[in-house]
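First up is the structure itself, then whatever we jot down about it.
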Amino acid sequence: MADDLGQYNEMAYYYDSLMDDVDYDAWAKYIIKLINMYNVVQNDVLDMACGTGNISVRMAKSGYDVTAFDISQDMLSVASMKALESKVRINFLAQDMYDIKLDGKYGIILCSCDSINYIIDPKKLKQVFEWVYGHLKDGGIFIFDINSSYKLRKIIGENTFTYDNDDIVYIWDNHMGDDNTIEFYLTFFVKKGNLYHRFDETHIERIYEVSEIEKFLKESGFSRISKYNGFTLDGICDMSERVNFAVQK
C-alpha cells in the first residue's frame, strides 16, 4: 500500500479468508504466461505492495527469485509465515511505494491486486512509474493491474456490501469523493468465543482512466505498453472491470 491510513493492520490476519474467492493460482499463471509471451529471460522478481504474499509465494514456487515489499508490517508477517509454510525463500521488506529504498535492477516487477489505485496522488504515481523504469532491466517487464473507472464508479460506487459467515461479518460502505477518489469504510465483527470483536478500517482508491495511466507510463520512458481485459489476452472495453498492463522496457 502507498498510504498508511490504518489499512491492512488487524485486517491483515483475516484478509485471506475474506479473499477466498480469488483464484491466486490462476492469477500467478496468468502473470507467468505474460512473462513468457514477452520473451522475458530474467528470473528475478520484485513484487511491490505484496500484501500477504499470495502472488509472491506462487512465483517463488514456480522457480523465480523473489523480493517483495509492503508498507504493512502485519501483512508482511502473514506473508513471511506463508512462505515458511510453503518452504520457499523470499526476501520480504518493509517499504512504502512513495519512498522505495532499493538498489539494483529487476527483470520482472509486479504490482497486483489494484495496489496502483491506492496511490491517490497522480504525481506520486508518475514518480513510482519513473522508479520502476529506472530499476527495470532492459527487456524486462512491468506487470500491474487497476480497478477500472467503470468498476469503481458503476459497480462499487455509492453501494454497500456485506459478508457473513460463521466466524466473520463485515459491512463495506462506499462513498465517492469529489477528487476522483472512492472511500471504503469497512466494519468487521470477528467471532472470538461467544463474543464478536469489532474493528474498523478506511481505505481510499483513486479512479484512474486508462489514458492517464498510459500518459504517465510514456512520460516515465516506457513505449511498449499493452492492456488486457481481466485475466485474458483480449483488449479492454468500456465495461472492463480489471485492466491488466504489461509494459516492457
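The values are calculated or read from the model by the stated rules, or taken from the named source; none is laboratory data. Computed from a predicted structure; not experimentally measured. Using ideal geometry, Cβ is built from the backbone for each residue, glycine included, and neighbour counts are taken over all protein chains shown.
Per-structure values
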read-out	value
Condition check for Tyr38: more than 20 Å from Ile116 (Cα to Cα) and buried (at least 19 other Cβ atoms within 10 Å of the Cβ)	no
Residue tally, condition surrounded by 15 or more Cβ atoms within 10 Å (Cβ to Cβ) and either among the β-branched types (Val, Ile, Thr) or in contact (Cβ under 8 Å) with a residue 24 or more places away in the chain (or both), over the stretch 167-183	7
Residue selected from the stretch 217-241 under the condition within 18 Å of the chain's Cα centre (by Cα) and more than 16 Å from Lys33 (Cβ to Cβ), by the criterion surrounded by the fewest Cβ atoms within 10 Å (Cβ to Cβ)	Glu241
Single residue of the stretch 121-180 satisfying the filter (acidic (Asp, Glu) and in a strand (DSSP E or B)) that is nearest to Gly107 (Cα to Cα)	Asp138
Test: Ile225 is assigned by TED's automatic domain parsing to the domain that holds Leu18, over 30 Å from Asp20 (Cα atoms), in contact with a helix residue (DSSP H, G or I) (Cβ under 7 Å, 6 or more places away or on another chain) and among the aliphatic types (A, V, I, L, M)	yes
Test for Lys123: is it in the same structural domain as Asp44 (by TED's automatic domain parsing), farther than 24 Å from Ile55 by Cα, modelled with pLDDT of 95 or more and more than 18 Å from the chain's Cα centre (by Cα)	yes
